[in-house]
Every structure is written in structure tokens, then in C-alpha cells.
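We did not get these values from a lab; they are worked out from the coordinates using the rules stated. What you see is a predicted model, and the numbers here were worked out from it, not measured in a lab. Glycine also receives a Cβ, built like all others from the backbone with ideal geometry; neighbour counts cover every protein chain displayed.
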Amino acid sequence: MAPDQTAARVDAGNDDALGGDDMTTLLQRLARREVSAAELRDAAIARVHSVNDRLNAVAAWVGPPVVDSAPVPADAPLAGIPTVIKDNEDLVGYATTQGSWAMPDRPAAVSSPWVAQYLELGVAPIARTTMPEFGLTATTETLRFGATRNPWDTSRSSGGSSGGSAALVAAGAVPVGHANDGGGSIRIPAACCGLVGLKPTRGRLVDLPELDRLPVHIAVQGVLTRSVRDTARYYAEAEKLYRNPALPAVGLVDGPNPGRLRIGLVLRSIHGLPVADDVVAGARAAGRLCEELGHHVEETSPPVEDQFGPDFLRYWALISFSLRHAGGRLFGPGFDGSRTEDFTQGMSAFFAQRAERVPGALRRLRRLAREHEPAYERYDVLISPVLGHQPPPIGYLGPNVAFRTHLVRLLRYSSFTPVQNISGSPAISLPLARTSTGLPIGVQLAAPFGHEARLLSLAFELEEAAPWPTRATATVQA
């Protein structure tokens with residue numbers, strides 16, 4: 001997986017209205033009237049234009065204003081913050097392509113529940129961002145839009161499936177971007193691009209009610225940011241608009257908690273899948289840092305048995321089969337399943353060949369969704385890698401790779417993240433480690449169902465103890 005020797009880092013930063021600030025500082029500057037919402041939007045648009053030829057992260061541009069059913073209050077908590085929205089959530093007036101030529105090119109009549117709430121918070125979307133077809137793989141490379149590149153090394157993947165948003169946030173073009181996660185799609189691009197990516201508890205945020213009718217509800221909404229405080233601020237404000245009474249409140253987490261935690265350190269993947277030495281070293285170093293901060297850390301086994309891997313794969317194949325063959329009912333007239341990519345077709349065929357094994361897999365996955373991970377009887381938090389190895393070169397998981405090869409590579413790359421999608425528990429990726437060439441390595445912190453506040457508090461503590469660079473700034477050394 002050698003990178004292109006001509007690869008470069010991409011940084012959109014300059015001396016404009018956005019400066020080098022995160023969302024929290026921009027909100028403070030807006031409140032003091034040092035900068036206007038229009039100036040921030042113009043700066044963000046200029047920055048995206050300046051980097052998109054090298055990153056290829058824009059699926060469609062979004063012009064102001066976005067008109068929806070409810071006007072945005074002038075005092076909305078995130079008013080004036082430019083952002084981007086991933087191309088698998090409906091935004092009124094714009095087509096949702098799901099990264100696929102199979103999708104009808106029809107503007108959405110209304111925004112999805114999550115997007116409508118995001119707009120109500122006051123954000124100003126400037127673009128729809130790229131994603132792999134239906135979010136089914138861990139890179140953002142499609143026949144429809146091409147390859148989205150990592151701003152830390154443009155020869156490498158930005159991750160998936162929220163890779164377009166990740167690339168633009170990591171390049172400093174926007175301070176926050178929409179992401180969602182059905183098997184790691186917030187945490188994987190966060191790990192690839194050096195960002196903070198929190199996958200929330202199932203049911204934490206408003207979402208499509210149809211998701212509750214799935215055999216197991218695995219997908220959740222969220223954001224990608226460059227700082228822990230920006231992620232914490234988003235969840236605190238979103239909770240004021242929609243509060244799930246079945247879950248403990250997150251509130252505004254604004255720093256470390258003085259309590260010390262019992263932490264389990266997971267360094268081994270299920271099924272003995274290989275994990276790169278630098279990735280293991282990054283997670284191990286995060287564990288040592290937690291020990292130095294006074295937490296109790298001990299190495300432990302993965303939170304699920306090896307059977308989880310094939311069970312999740314069979315469910316993923318069922319979803320692929322449903323998307324390809326029932327897409328007309330899901331997405332409306334004009335959907336053409338014959339135009340799906342080889343990986344979607346391969347996963348669909350994989351399901352058809354093993355359909356008799358799916359009921360047993362679903363029973364086991366539903367049990368985990370009800371009972372969550374038993375590891376939390378012993379530990380408050382689990383630390384693990386996010387990925388099996390550093391971001392791969394463009395093409396390694398691309399749409400032209402043979403299905404069997406793609407699948408084997410995907411399983412080795414992304415085996416750590418799906419557990420929390422089935423259990424519904426929260427997990428966050430933090431850019432706590434680096435490769436020898438300076439590429440980000442994500443470390444995952446996971447907590448019991450409903451305990452995002454615990455993760456954010458520990459994330460604040462780790463960010464203070466071991467600050468990470470917030471944008472790519474220099475040429476990659478060959």
C-alpha cells in the first residue's frame with residue numbers, strides 16, 4: 001500500500017474571516033460582531049473552491065437560502081456557521097444521490113428530520129459532500145463522483161462513508177460537517193483525517209422513524225469537527241431541540257471529569273484479523289496516557305465473540321440486497337438497481353447465496369442490541385484502534401476492485417467499529433496517534449449505552465494532555 005510519491009497535504013487556511021478558528025471561537029466572534037455570517041459563508045465557499053480540485057469532496061453546491069418548512073430564528077445557537085451535508089440525507093430542493101448512478105436525479109420535497117433540525121440550529125450549508133455508493137464501504141470512491149482524497153496525503157483515502165465531509169473539515173474549509181454512521185462511517189473518516197468523530201447512542205438524535213423498522217437499527221447521525229469542544233457544543237444544542245427521555249442527558253460537557261475510570265484496552269481484532277503495528281502502538285500509547293492521568297487501565301479481549309463478524313457481514317449483505325432490489329420502494333420512481341456498482345451487486349449476491357444463515361445472525365445481533373456489551377460490567381470505557389491499518393491508497397477499496405478482494409480488504413480494515421452500531425452504544429474517534437510519515441491514526445473510546453458525556457469528558461482530558469494538529473499544513477515527505 002505504498003503512497004503516490006507526488007502526494008501532498010492540502011490546507012485551505014488563510015487570513016480570511018474563518019482564520020484558524022474552530023466553531024466555538026467563531027460563535028464567540030459572531031456574538032462580539034467581529035465577523036458576520038455572510039463573511040464566514042463567503043470565506044468557506046472560497047476555501048472549498050480552493051481545495052476541491054485536489055480533494056474532490058463536493059457532490060453538489062448549495063446556494064442560499066435553504067428554504068424549509070420552518071424559518072430559522074435569528075438567535076439560533078449555531079447561527080452563521082458554514083457547514084456541509086452528506087449526500088445521503090434529504091435537503092429540500094436538492095437531489096440525494098447516495099453516491100450512486102442508480103439513484104433518481106430528483107430534488108427532495110422536504111428535508112430529512114435530522115437535516116431539518118440541523119438547519120434549525122442555524123447552520124448555513126454550502127455543499128453536499130461525497131460518499132461511497134449507499135455508504136457500503138470504508139472509502140469515498142465512486143463511479144459517479146470519482147475518488148475523494150485525504151488532505152493529509154492526497155494519494156490516500158479520506159475514509160468512508162462520510163469521507164467528503166471529513167476531507168473538507170480536515171482541510172479547514174469548514175469548521176463542522178455532517179456525518180452518519182451505520183458501521184463506522186463517522187469514526188472511520190475521523191480516524192483517516194485527524195478529526196473528532198462521535199457516534200452517538202442509538203436514539204440520541206432525531207432521525208427517520210422508518211429506521212426503527214429495520215431488523216436491527218444501526219445507523220445514527222452526527223458531525224465531524226476538529227475539536228472536542230465543538231462536538232460537545234453540537235450535542236448540547238441538538239439536545240435542546242430533541243431530548244430522548246429514555247436516555248441520560250448529555251448536557252454541555254465543557255471539560256474533564258475529576259472521577260477516575262476503569263478502562264479496558266482492546267488491541268486484538270475479532271477473528272484474529274491483522275492489525276498494523278503502528279495502529280496497535282497508538283492505542284497502547286493512549287492507554288498509557290490514561291494511566292498517567294490516574295485511570296485504571298488493563299488489557300482485555302474484544303467486547304464480542306468472533307461470531308459477531310460473520311453475523312454483521314450477513315446483515316450488511318441483507319441491507320445491500322434490499323437497497324439494490326427494493327430501491328424503487330425506498331427511493332421512488334427512477335431508481336435503477338442495474339446501475340449499482342460491483343461491490344453493491346457482490347454484497348447482494350453474497351446475501352442471496354447465504355440467506356438461510358441470516359435468521360440466526362439476526363437473532364444474535366438483536367440479543368446484543370437488547371443486552372449491549374457485557375464488558376461494561378467491568379469497565380467504564382473501552383479503548384481500541386478505530387481501523388486495522390492507516391488510510392489505504394486511492395484505489396485499494398475503489399469501485400473497480402474485484403468484489404472478493406474488496407470484501408477481504410474491507411474486513412481487515414474496519415473490524416473494530418461495527419460493534420457499537422449493533423449494540424447502540426456510543427463511541428468516539430480521537431486523532432491521538434501518528435504514522436511515521438505524520439498521517440493521523442484514530443483511537444476509539446467506547447462507553448455504555450447512553451454515556452456520551454463520559455466519552456466527551458475523557459476526550460477533553462486527552463486533548464488537553466496530548467493536543468493534536470488540527471489541519472494538514474506541510475508537504476508529505478516521500
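Report the net charge of residues surrounding residue 123, where surrounding means a beta-carbon distance below 11 angstrom and charges are Lys +1, Arg +1, Asp -1, Glu -1. Walk me through the numbers on the way to the answer.
Values: positive: 41; negative: 120, 237.
Summing Lys and Arg as +1 and Asp and Glu as -1 gives -1.
Assuming a ≥ b ≥ c are the square roots of the Cα gyration tensor eigenvalues, decide whether region 396-450 counts as rounded (a/c under 1.5), prolate (otherwise, with a/b larger than b/c) or oblate. Walk me through the intermediate numbers first.
Values: a/c = 3.64, a/b = 1.28, b/c = 2.85.
It comes out oblate by the Cα gyration axes.
So for 152, 316, 61, fewest C-beta neighbours within 10 Å to most, what's the order?
61, 316, 152
Using the Karplus curve 6.51 cos²θ - 1.76 cosθ + 1.60 with θ = phi - 60°, what ³J(HN,Hα) values do you get for each residue of region 395-412, in whole Hz, with x for Gly and Pro?
So the Karplus estimates, Gly and Pro as x, are x, 4, 10, x, x, 9, 6, 4, 3, 4, 5, 4, 5, 4, 5, 5, 5, 6 Hz.
Going by amide H atoms built from the backbone, whose H comes under 5 Å of the H on residue 60, apart from near neighbours?
128
Can you put 441, 218 in order of Cβ neighbours within 10 angstrom, beginning with the fewest?
Numbers: 441 28, 218 23.
Exposure proxy ranking, most exposed first: 218, 441.
Spelling out what I want: for every residue of region 86-101, take phi, set θ = phi - 60°, compute 6.51 cos²θ - 1.76 cosθ + 1.60 (Karplus), and round to whole Hz; glycine and proline get x.
Those phi angles translate into 4, 7, 10, 10, 5, 10, 3, x, 10, 6, 9, 9, 6, x, 10, 6 Hz.
Show me, bin by bin at 10 Å from 0, the whole-percent P(r) of region 23-465 based on Cα pairs.
5, 23, 35, 27, 10, 1, 0
What is the packing order of peptides 420-432, 293-305, 243-255, 75-87, taking the mean over residues of other C-beta atoms within 10 Å and listing the highest first? List each step's numbers first, then the result.
Numbers: 420-432: 27.7, 293-305: 16.4, 243-255: 14.5, 75-87: 23.4.
Order by mean packing, descending: 420-432, 75-87, 293-305, 243-255.
Taking K and R as +1 and D and E as -1, what net charge do the other residues with C-beta under 13 Å from the C-beta of residue 384 add up to? Walk me through the intermediate numbers first.
On the way: positive: 187, 268, 284; negative: 299, 373.
Cβ neighbours under 13 Å give a net charge of +1.
Please report the antiparallel percentage of DSSP beta bridges with both residues in the chain, rounded to the nearest 5. Walk me through the intermediate numbers first.
Numbers: 30 of 46 bridges.
Once the DSSP bridges in the chain are tallied, antiparallel ones form about 65 percent.
List the residues whose amide H sits under 5 Å from the amide H of residue 265, counting only those 5 or more places along or on another chain, with H placed 1.01 Å from N in the peptide plane.
Hits under the 5 Å cutoff: 298, 299, 300, 383.
Order of 461, 34, 239, 452 from fewest to most other C-beta atoms within 10 Å?
By the 10 Å Cβ count, ascending: 34, 239, 461, 452.
Please list, ordered by chain and number, the residues whose modelled amide H lies under 5 Å from the amide H of residue 185; skip anything fewer than 5 residues away on the same chain.
161
Could you go through region 170-186 in sequence order and give the Karplus-derived ³J(HN,Hα) for each residue, using 6.51 cos²θ - 1.76 cosθ + 1.60 with θ = phi - 60°, rounded to whole Hz, and x for Gly and Pro?
5, 6, x, 6, 9, x, 8, x, 6, 8, 9, 8, x, x, x, 6, 8
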